[in-house]
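Notes for the one structure printed next.
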Amino acid sequence: GGKIINKAAVNQLLSLDDSCACPAANTPEDMHIFGICAKRAGISINHSGRMFQARPVDYPSSMISYRKPVSFHKHWEIDPVQVYEDWFRKSDNTLREHLKAKSVKEEL
């Protein structure tokens with residue numbers, strides 16, 4: 001899957017100075033940073049089954065449809081814009097409308 005990190009967590013990781021540099025060029029940086037370094041910084045890590053490592057076509061539709069994906073990470077031999085259209089545009093439009101309605105409500 002992927003990782004989502006907020007600004008406060010980034011600042012906590014950056015405050016570790018060089019104590020969190022990868023020890024070798026072949027160190028899996030995602031596991032190092034989001035494992036060892038996050039622990040040192042006191043950042044809790046939560047797992048989400050809604051981020052997918054591969055392309056939508058690499059999974060059975062029954063597996064991904066009920067999880068409501070938030071990301072796919074591989075984009076070769078597919079059109080990433082079409083992936084967005086198929087999987088994310090509807091949710092983005094709903095969110096946009098919700099935020100727009102909330103903004104109007106707050107103005108009143």
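The values are calculated or read from the model by the stated rules, or taken from the named source; none is laboratory data. All values reported here derive from a predicted model rather than from experimental measurement. Backbone-built Cβ (ideal geometry, glycine too); neighbour counts: all protein chains shown. The accessibility values were calculated without ligands, DNA or RNA, using every heavy atom of the protein model including side chains. Shrake-Rupley method; radii C 1.70, N 1.55, O 1.52, S 1.80 Å.
Using heavy atoms of the protein chains and a probe of 1.4 Å, the accessible area assigned to CYS22 is about 50 Å². Multiplying each eigenvalue of the alpha-carbon gyration tensor of the chain by 5 and taking the square root yields semi-axes of 31, 24, 12 Å, largest first, rounded to whole angstroms. With a ≥ b ≥ c the root eigenvalues of the C-alpha gyration tensor of region 1-43, is it rounded (a/c under 1.5), prolate (a/b larger than b/c) or oblate? Cα axes put region 1-43 in the oblate bin.
Each of SER48, SER71, CYS22 was placed along the dipole of region 22-82 (beta-carbon charges, centred on the mean Cα), and the one lying farthest toward the positive end is SER48. Model label sites at ILE78 and LYS100, defined 7 Å from Cα along the beta-carbon direction, differ in position by 2.8 nm. Put ASP86, ASP17 in order of accessible area, highest first, and with a 1.4 Å probe you get ASP17, ASP86. Quick one: of LYS7/LYS105; LYS68/LYS100; LYS74/LYS102; LYS39/LYS105, which pairs are farther than 32 Å apart, Cα to Cα? Among LYS7/LYS105; LYS68/LYS100; LYS74/LYS102; LYS39/LYS105, the Cα-Cα distance tops 32 Å for LYS74/LYS102; LYS39/LYS105. When cysteine pairs in the chain are screened for C-beta atoms closer than 4.7 angstrom, the residues that find no partner are CYS22.
Projected over all directions and averaged, the alpha-carbon convex hull of region 62-108 occupies 4.3 nm².
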